[in-house]
Amino acid sequence: MGDNSGSKVSYFLEESIKQITLPERFTFPFYYEPHPLTRIAAAELQHYLETQTDLEHNFGLDANQDGTAIGKMFGVLVVRCTEGKLGYLSAFSGKLAGSNDHPEFVPPVFDMLAENSFFLKEVEIINSINIQVNELASDESYQRLSQDIEKLFDESRQEIIAFRKQLKDNKDSRKKLRERLKSSLDQQEYIIAEAQLVKQSLYDKHQLKTLTDKWERLLEEMRARLAQFEANIEALKNDRKERSAALQQQLFDQYVFLNKDGKSKSLHEIFSVTPFGKPPSAAGECAIPKLLQFAFVNGYEPIAMGEFWWGAAPKSEIRKHKHFYPACTGKCKPILEHMLEGMPVDENPLLNAPKKDSRLEIIYEDESLVVVNKPSGLRSVPGVNVRDSVYASLKDILGDTEPLIVHRLDMDTSGLMVVAKTKEAHKHIQRQFLKRTVSKRYTALLSKVIDQSEGEIDLPLSADLFNRPRQLVCFTSGKKSVTKWKVVKRYESMTRVDFWPLTGRTHQLRMHSAHELGLNAPIVGDDLYGTASERMYLHAAHIEFIHPEKKEKVRFEAEVGF
C-alpha cells in the first residue's frame with residue numbers, strides 16, 4: 001500500500017487488474033457483493049493493517065496489547081483519477097488511536113480534533129464546567145449538609161411519631177375518663193370536667209404544632225443553605241447543556257457533504273427532513289462518506305466501494321474480523337442519498353422478485369387456517385416496493401378470503417407458516433403465540449463445528465435503531481430472548497443443529513447463533529450476521545398448536561431441503 005503523489009490514492013498494478021471488467025454502476029451501499037477491484041483494495045489495506053507498526057490502536061487481535069480493545073470499520077473506494085489511472089482510497093470510521101490524522105487514510109469531512117479548533121476550545125470549556133460541577137457535588141460542606149439534613153429529618157420524624165403516639169394514649173385515657181365521669185358525676189359537674197378534658201386535648205394539639213413547627217424551621221434553614229449549593233450546580237449544568245447544544249449545532253454546520261455535481265449539504269440540512277429531525281451522534285464520521293467526499297473534492301470518479309470490520313467485535317453487535325458489511329442505514333443512508341444523487345448505482349438486490357420456481361407450497365388447509373411451506377427468498381408480507389410475499393400469494397389463491405398473517409419468518413428463512421382464514425381463528429392462534437404455548441422447531445446449518453452437544457442461550461435483544469433491521473444484544477433494555485438447541489450432525493467445517501425458540505424475538509436464532517456469547521457460529525448464508533450465500537440455511541421444520549375449531553393439538557412438519 002503506497003501513496004505515489006501525496007494524494008492519498010494507492011494505485012493498482014496494471015498487470016494485476018487487466019483482466020477485471022469495471023462495474024457499469026457504482027455499488028449499492030446497503031446490500032452488495034464486493035467487486036473484484038474492491039476485494040483487491042481491501043486485501044492490500046488488510047495487509048497494511050497486519051504489518052503496520054505505527055498505529056497505536058488496540059484492535060483486540062493481540063491479547064498482550066495494552067489498552068481497551070476497539071475494533072474498527074474500514075472502507076475502500078475504488079476511483080478513477082484525473083489522469084485516468086485506477087486506484088483506491090482508504091478510510092476508517094470515527095477516530096483511530098485517538099486521532100483523525102493518519103497518512104494512509106483520507107481525512108475526515110471536518111477535523112474537529114485539529115489544533116486550536118473551535119471544537120477543542122469549547123470542549124475544554126465544557127470539561128472545566130464538568131470539573132466545577134464535580135467539585136461542588138463532592139464539596140465537604142455540601143456533603144455534610146446533605147447528611148445533616150437527612151439525619152435531622154429522621155430525628156424529627158421519630159420524635160413526631162413518638163409524640164403522636166403519646167397524644168393518642170392521652171386521647172384514649174380521656175375517653176375512658178369520660179365514661180367513668182358520666183356514671184359518677186351529675187350533669188353540671190360533668191360539664192365542668194368535660195371542659196377541662198377539651199382544654200387538655202387542645203393543649204396536646206398545640207404542643208404537636210409547636211413541635212412540628214420547630215423541626216420545620218430547623219430543616220428549612222438547612223435546606224435553604226443546601227439550595228444555594230444546588231442552585232450553583234444547576235446553573236453550571238444549564239450552562240454546560242446550552243454550550244453542548246450550541247457546539248453540536250456548530251458541528252452540524254461544519255460537516256458539509258458534496259455530490260458529483262458539486263452540490264453541498266450540511267448535516268443539519270440532510271437530517272432535517274428525516275424522522276430523526278437532527279443528525280444522530282457521530283453522523284458523518286463513517287468511512288464511506290469520508291471517501292466519497294475526498295473523491296469529489298479532488299475530482300476523482302467513484303467506481304466501487306466496500307467496508308470491512310477489523311478486530312474484536314463490540315459486545316452488543318455481530319461483527320466478524322475481515323468480513324464485509326453494508327453501510328449503516330441510520331447514520332449513512334440520508335448522507336449517501338445526497339452524495340450519490342445523479343450517479344448510476346446498482347439496484348437494491350432486496351427489491352428483486354423471487355425466482356419463478358420459488359412457489360408457495362400449501363401443506364394443509366381447512367375452513368379456519370392454511371399452513372404453508374415458505375421458500376427461502378420470499379417475504380412473509382409485502383414490502384414497500386415488493387408485492388411478492390406469502391400474503392400476496394395466498395390472496396391470489398384464496399380469492400375473496402383475506403389471509404390473516406399470525407406470525408412471520410424472515411425472507412431468507414424457509415419453512416412452516418400458519419395463516420388464519422377467519423378473525424376468530426387469527427385471534428385464537430395469535431393468543432397461543434403470545435402465551436408461548438406454540439411449539440416450534442427450526443433446523444440450521446452453522447458455519448463452524450460446535451463442540452458442545454446441546455444447551456440453552458439467554459441473550460436479551462433490542463433493535464439497532466441506527467442500522468435496521470439488525471439487532472443488538474443489550475443487557476439493560478433488551479427483551480428476554482431464550483433458545484434451546486441441540487446438535488444433529490457435525491461435518492468437517494459445519495454443524496447441523498435443531499433450535500427451539502422459547503421466545504419470538506426478531507432475528508433471535510440468527511443472533512443467538514452468531515454472537516460470541518451464543519454459539520459464535522453464524523448460520524450459513526446469513527448475510528446480516530455472517531457471510532452471504534445462495535440462501536440462508538435456516539428452516540422452520542415443525543410447528544404444534546391447538547386448532548381453533550377442533551380444540552385439539554395439531555402438528556405439522558416440513559422436510560428440510562438442505
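The values are calculated or read from the model by the stated rules, or taken from the named source; none is laboratory data. For clarity, every value in this text was computed on a predicted model and none was experimentally measured. Here the Cβ is made from the backbone with ideal geometry for all residues, glycine too, and neighbour counts use every protein chain on show.
Brief remarks on what is shown
- Search result, residues across the range 84-112 that are surrounded by fewer than 19 Cβ atoms within 10 Å (Cβ to Cβ) and under 15 Å from residue 13 (Cα atoms): 84, 85
- When we screen 293, 254, 249 for residues that are out of contact with any His (no Cβ under 6 Å at 6 or more places or on another chain) and under 30 Å from residue 136 (Cβ atoms), the only hit is 249.
- Selected residue (criterion: farthest from the chain's Cα centre (by Cα)) from residues of the range 483-518 that are of a type in the set (A, V, I, L, M, F, W, C) and more than 18 Å from residue 470 (Cβ to Cβ): 488
- Test result for residue 131, over 30 Å from residue 74 (Cα atoms) and touching a residue at least 12 places away in the same chain (Cβ under 8 Å): no
Okay, residues lined up against (1) touching a residue at least 40 places away in the same chain (Cβ under 8 Å); (2) out of contact with any Gly (no Cβ under 9 Å at 6 or more places or on another chain); (3) assigned by TED's automatic domain parsing to the domain that holds residue 535:
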site: 452; (1), (2), (3): no, yes, yes
site: 462; (1), (2), (3): no, no, yes
site: 466; (1), (2), (3): yes, no, yes
site: 473; (1), (2), (3): yes, no, yes
site: 478; (1), (2), (3): no, yes, yes
site: 483; (1), (2), (3): no, no, yes
site: 486; (1), (2), (3): no, no, yes
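Residues checked against (1) under 28 Å from the mean Cα position of the chain (by Cα); (2) at pLDDT 95 or above:
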position: 5; (1), (2): no, no
position: 37; (1), (2): no, yes
position: 45; (1), (2): no, yes
position: 56; (1), (2): no, no
position: 62; (1), (2): yes, no
position: 67; (1), (2): yes, no
position: 85; (1), (2): no, no
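- Just so you know, in the range 43-60 the residues that are assigned to a helix (DSSP H, G or I) and not β-branched (Val, Ile, Thr) include one that is surrounded by the fewest Cβ atoms within 10 Å (Cβ to Cβ), and it is 50.
- The residue that is farthest from residue 214 (Cα to Cα), counting only those in the range 163-192 that are surrounded by 13 or more Cβ atoms within 10 Å (Cβ to Cβ) and over 60 Å from the mean Cα position of the chain (by Cα), is 185.
- Against the conditions (1) out of contact with any Gly (no Cβ under 8 Å at 6 or more places or on another chain); (2) under 15 Å from residue 287 (Cβ atoms); (3) not in a loop (DSSP other than H, G, I, E, B); (4) not polar (S, T, N, Q), residue 40 satisfies every one except (2).
- Taking first residues from the range 255-278 that are under 20 Å from residue 343 (Cα atoms) and partners that are of a type in the set (D, E, K, R) and buried (at least 18 other Cβ atoms within 10 Å of the Cβ), the Cβ contacts under 9 Å between residues at least 6 apart in sequence or on separate chains come to 256/265; 257/265; 258/265; 259/265.
- Search result, residues across the range 156-200 that are in contact (Cβ under 8 Å) with a residue 12 or more places away in the chain, farther than 30 Å from residue 219 by Cβ and aliphatic (A, V, I, L, M): 177, 181, 193, 197
- For the range 84-96, the criterion of a residue being among the polar types (S, T, N, Q) and without any contact (Cβ under 8 Å) to a residue 60 or more places away in the chain is satisfied by no position.
- Residue 122 vs. criteria assigned to a helix (DSSP H, G or I), touching a residue at least 40 places away in the same chain (Cβ under 8 Å) and over 28 Å from residue 88 (Cα atoms): yes
- Residue among 509, 538, 517 that alone is touching a helix residue (DSSP H, G or I) at 6+ places or on another chain (Cβ under 9 Å), closer than 17 Å to residue 448 by Cα and in contact (Cβ under 8 Å) with a residue 12 or more places away in the chain: 538
- Among residues of the range 103-121, those that are within 31 Å of the chain's Cα centre (by Cα) and at pLDDT 90 or above, counted: 5
- All of 421, 480 fail the test of being surrounded by fewer than 21 Cβ atoms within 10 Å (Cβ to Cβ), modelled with pLDDT of 95 or more and more than 30 Å from residue 282 (Cβ to Cβ), apart from 421.
- Restricting the search to strands (runs of 3 or more DSSP E) fully inside the range 250-333 and requiring at least 1 residues that are in the same structural domain as residue 59 (by TED's automatic domain parsing) and within 21 Å of the chain's Cα centre (by Cα) gives 301-310.
- Hey, residue 495 touching an Asp or Glu at 6+ places or on another chain (Cβ under 9 Å) and in the same structural domain as residue 360 (by TED's automatic domain parsing) or not: no
- Count of the range 21-39 residues, restricted to those that are exposed (fewer than 14 other Cβ atoms within 10 Å of the Cβ) and either among the β-branched types (Val, Ile, Thr) or in contact with a Pro (Cβ under 8 Å, 6 or more places away or on another chain) (or both), is 3.
- Residue check for residue 146: assigned by TED's automatic domain parsing to the domain that holds residue 222 and surrounded by 11 or more Cβ atoms within 10 Å (Cβ to Cβ): yes
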